[in-house]
Amino acid sequence: MAHIIVFGNEKGGSGKSTTCMHVATALVRMGHRVGALDLDLRQRSFGRYVENRRAWMAQAGRSLPTPNYRELPEVDPEALNQGENPFDQRLSLAVAALEPASDFIVIDCPGSHTRLSQVAHSLADTLVSPLNDSFVDFDLLARIDPETNKVKGPSIYSEMVWGARQLRAQAGLKPIDWIVLRNRLGAQQMHNKKKVGAALEELSKRIGFRVAPGFTERVIFRELFPRGLTLLDLRDTGVEQLNLSNIAARQEVRDLVAALRLPGVTVDF
């Protein structure tokens, strides 16, 4: 069976789709078969990223390693069993179609709570939750005492992940490996970074996730999206000079993929 990697949180602006695209592309570049789904039916940032990539390749006459992206299939409401949710059926059909030809299925969830997102979390073998490195986004995971910065209790999102874990346990599936990424790190505010880091380490022991470094805030990520390119493509395409910042960013991608500890994956790019 394909290993399912879900990128999820319930806040936008954390670089989730960018991270998803880089991980999916890295896996394809390492020779793995990667299926891809975008469950944000409104924004479709990940889906548009792949579409931009296909358009750039057609225009440039180049071929780049690309995940096998699919839209969710439509279902006939009349064909559903009584009480069956159409979104459950659409996601089930999409995963079933990708699985025979995939080593990994990468799923990008919307930055909000939806039925599709809830079901996808229960399917996750690996759950990746990027968040901006601030207490504003930390609220996604837990409630904090404003005076002491101590964790008061889990957030609604953390409780949803707990529910997904319970569903997998009841079905006899292996536990979710949950990784929280400290994404869009800046060069300043070192004191705040330390406080956020300490709070994450404390919370990780209480609700069971691993903390991993994500991507530093860089202009290059915004520039790559319209062409559907990733940092791993720059050396092959020649569309950008590989400056020191880009080289450092490529290393961040390597470190992230290694931190995911995916089965059968040896980082070699």
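So here's what we get for this one:
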quantity	calculated
Under-5 Å amide H pairs with Val211, H placed in peptide plane, nonlocal only	Val180
The stretch 1-90 - percent relative contact order, Cα under 8 Å, separation 6 or more	26
Residues with amide H under 5 Å from that of Asn68, placed H, sequence gap 5 or more	Val34, Gly35, Ala36
Positive-pole candidate from Leu167, Val128, Thr266, dipole of the chain, charges at beta carbon	Thr266
Bridge type composition, the stretch 3-260 - antiparallel percent by DSSP, nearest 5	10
Whole-number D in µm²/s for the chain (Stokes-Einstein; Kirkwood sum over Cα pairs; 20 °C, 1.002 mPa s)	111
Cα lying deepest toward the dipole's positive end in the chain, options Leu93, Leu41, Ala199, charges on Cβ	Ala199
Overall form of the stretch 57-167 per C-alpha gyration tensor (a/c, 1.5; a/b vs b/c)	oblate
Relative contact order of the stretch 116-208, pairs being alpha-carbon contacts under 8 Å that are 6 or more residues apart, as %	39
Derived scalar couplings ³J(HN,Hα) [the stretch 193-203; Karplus, 6.51 cos²θ - 1.76 cosθ + 1.60; whole Hz; x for Gly, Pro]	4, 5, 5, 5, x, 5, 5, 5, 4, 5, 5
Under Karplus coefficients 6.51, -1.76 and 1.60, residue-wise ³J(HN,Hα) of the stretch 78-86 in Hz, glycine/proline x	5, 8, 7, 6, 4, x, 7, 7, x
Relative contact order of the chain, defined on C-alpha pairs under 8 angstrom at six or more residues apart (%)	25
Estimated dipole of the stretch 3-260 in Debye, rounded to 20 [Cβ of Lys and Arg +1, of Asp and Glu -1, Cα centre]	700
Computed [θ] at 222 nm, deg cm²/dmol, the chain (DSSP H ≥ 4; -39,500 (n - 2.57); rounded to nearest 500)	-13500 deg cm²/dmol
Ranked by how many other beta carbons lie within 10 Å on average, peptides 54-66, 156-168, 31-43, 136-148 from highest	31-43, 156-168, 136-148, 54-66
Cα centroid separation, the stretch 95-138 to the stretch 4-60 (Å)	11
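Since every read-out is calculated from the coordinates, none of them should be taken as a lab result. Everything numeric in this text was worked out from a predicted model, so none of it was measured. Note that each Cβ is placed from the backbone with ideal geometry, even for glycine, and that neighbours are counted across all protein chains shown.
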